[in-house]
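Trainee: This structure is in structure tokens; I'll ask about it shortly.
The values are calculated or read from the model by the stated rules, or taken from the named source; none is laboratory data. Just so it is clear, the model here is predicted, and its values are computed rather than measured. We place every Cβ from the backbone using ideal geometry, glycine too, and count neighbours over all the protein chains shown. Calculation scope for accessible area: heavy atoms of the full protein, side chains included, ligands and nucleic acids excluded. Shrake-Rupley method; radii C 1.70, N 1.55, O 1.52, S 1.80 Å.
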Amino acid sequence: MNAVSALMTPQTAATAAFVMVIGLTILGALIAVGARNIFHNVLGLCVSLFGVSGIFLFLNSPFVALMEILIYIGAICIAICFAIMLSEPMYLPPPPRNKVKVLGAAIGAGGIFAFLGLLLKKTQWTPAPERSTDWSVTTIGHYFLTNYALIFELVSLLLLVAMLGAIVTARGGRSKP
């Protein structure tokens, strides 16, 4: 019993949970990018955003994590409904992919990934100061306008891109048989 409790410390459990949240985020992102069905793409995006809300929980921001789930995942589900209602039926075969566009997207994504990896490696990470226990509306508003403004704007930009993708997908409309 001592050997098991020595292996499963709270730090080990927290690290394992963090790795699972990161894995869920990456898996959802891969499904969102790699699936050929619009419904599966958006479901992958929802899984990835759910993982991002888990990351916010690890950053000790439960309010932002809950808003991530309520606003962004809920809004993406609405985008799913519009895309399915307005796009071609899913039983039709999808058009073939353009190899040049796929290669360009892979090179662009790899470049961004490499840049962000170098940025993370070269950043001097300092420990956060002691966290406040005051979570009033005033404090949360202050955090949204100062510490978390960039994160909140990036998530809203992701929502905008998802909505534009739904509009572009639905632009062709249904063809009459």
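Trainee: Please pick out the residue among ALA65, ALA75, ALA109, ALA79 that is over 28 Å from TYR143 (Cβ atoms) and open to solvent by less than 70 Å² (accessible area, probe 1.4 Å).
Mentor: Answer to the selection: ALA109.
Trainee: Would you call ALA35 open to solvent by less than 70 Å² (accessible area, probe 1.4 Å) and farther than 21 Å from ALA109 by Cα? It would help to see each step written out before you state the result.
Mentor: Numbers: open to solvent by less than 70 Å² (accessible area, probe 1.4 Å): yes; farther than 21 Å from ALA109 by Cα: no.
Against the criterion (open to solvent by less than 70 Å² (accessible area, probe 1.4 Å) and farther than 21 Å from ALA109 by Cα), ALA35 does not qualify.
Trainee: Against the condition out of contact with any Phe, Trp or Tyr (no Cβ under 8 Å at 6 or more places or on another chain) and in a loop (DSSP other than H, G, I, E, B), how does ASN41 come out, does it pass? Spell out how you get there, then give the answer.
Mentor: Details: out of contact with any Phe, Trp or Tyr (no Cβ under 8 Å at 6 or more places or on another chain): yes; in a loop (DSSP other than H, G, I, E, B): no.
Here the answer is no, as ASN41 does not meet what is asked.
Trainee: Right, another one. Sort out which residues of segment 132-171 are among the polar types (S, T, N, Q) and under 17 Å from VAL33 (Cβ atoms), and write them in order of number.
Mentor: The initial filter retains those residues of segment 132-171 that are among the polar types (S, T, N, Q), namely 132-133, 136, 138-139, 146-147, 156, 169.
Within segment 132-171, THR169 is the sole residue that qualifies.
Trainee: Do we find that PHE18 is over 21 Å from MET163 (Cβ atoms) and open to solvent by less than 40 Å² (accessible area, probe 1.4 Å) in this structure?
Mentor: On the way: over 21 Å from MET163 (Cβ atoms): yes; open to solvent by less than 40 Å² (accessible area, probe 1.4 Å): no.
Against the criterion (over 21 Å from MET163 (Cβ atoms) and open to solvent by less than 40 Å² (accessible area, probe 1.4 Å)), PHE18 does not qualify.
Trainee: Looking at segment 76-96, is at least one residue of a type in the set (Ser, Thr, Tyr), at pLDDT below 80, out of contact with any Phe, Trp or Tyr (no Cβ under 8 Å at 6 or more places or on another chain) and under 23 Å from LEU45 (Cβ atoms)? Walk me through how you get there before you give the answer.
Mentor: So in segment 76-96, the residues of a type in the set (Ser, Thr, Tyr) come out as 87, 91.
Add one more test, that the residue is at pLDDT below 80, and what stays is 87, 91.
Then drop every residue that is not out of contact with any Phe, Trp or Tyr (no Cβ under 8 Å at 6 or more places or on another chain), which leaves 87, 91.
Right, trim to under 23 Å from LEU45 (Cβ atoms) and you get 87, 91.
Yes: segment 76-96 contains one or more residues that are of a type in the set (Ser, Thr, Tyr), at pLDDT below 80, out of contact with any Phe, Trp or Tyr (no Cβ under 8 Å at 6 or more places or on another chain) and under 23 Å from LEU45 (Cβ atoms).
Trainee: Filter segment 153-163 down to the residues that are open to solvent by 40 Å² or more (accessible area, probe 1.4 Å) and modelled with pLDDT under 80 and list them by number.
Mentor: Correct list: MET163 only.
Trainee: Before we move on, is ILE55 without any contact (Cβ under 8 Å) to a residue 40 or more places away in the chain, hydrophobic (A, V, I, L, M, F, W, C) and surrounded by 15 or more Cβ atoms within 10 Å (Cβ to Cβ)?
Mentor: In short, yes.
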